[in-house]
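Laboratory data are not the source of any read-out in this text; all were calculated from the coordinates shown. Just so it is clear, the model here is predicted, and its values are computed rather than measured. Here Cβ is always computed from backbone atoms with ideal geometry, including for glycine, and neighbour counts include all displayed protein chains.
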Amino acid sequence: MACARAGLSVTRVLVGYLSLRQLGAALGMTSLGGQAQSVRPLLVPMLYGLVPDNSPNKPKLAAFAAGTDNVALFFGEDLFLAFGAVLLMQTSMASLGHVLSPLEIALWGIPSALTAYAIQSFRAVRLGKELAR
């Protein structure tokens, strides 16, 4: 529990990872994180170090960390202009007679990304409080 005394908590680690992952995805750096590269070897052991060794919540922490990565990537990459889904939306809308730039489509993704960030952060706070009991 030395990390908890240094100011780290489950909530802070999860929200920090969510922030970095979503920002990275919005900038097109989707391969910098992920289940195999970051969550399993880095994030989960850090979270395990913040709870007692005999905690029954370790599988829940691992699942929440994986979910946090998924939420951040899914909503973050829609803000990247050259992402395939944004370009697919642009061509689909153009075929229907609505000419939009990738920037316009990405800007419309900001409210969804911010809402997903707020909801996942709230869930991380609730998880941190649950583990503190």
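Altogether, the Stokes-Einstein calculation at 10 °C and 1.306 mPa s, with the Kirkwood radius of the chain over Cα pairs as Rh, returns a diffusion coefficient of 100 µm²/s.
In terms of overall dimensions, segment 50-103 has a Cα radius of gyration and Dmax of 19.0, 60 angstrom. Among residues other than ALA85 with Cβ under 14 Å from its Cβ, the summed charge is -2 (Lys and Arg +1, Asp and Glu -1).
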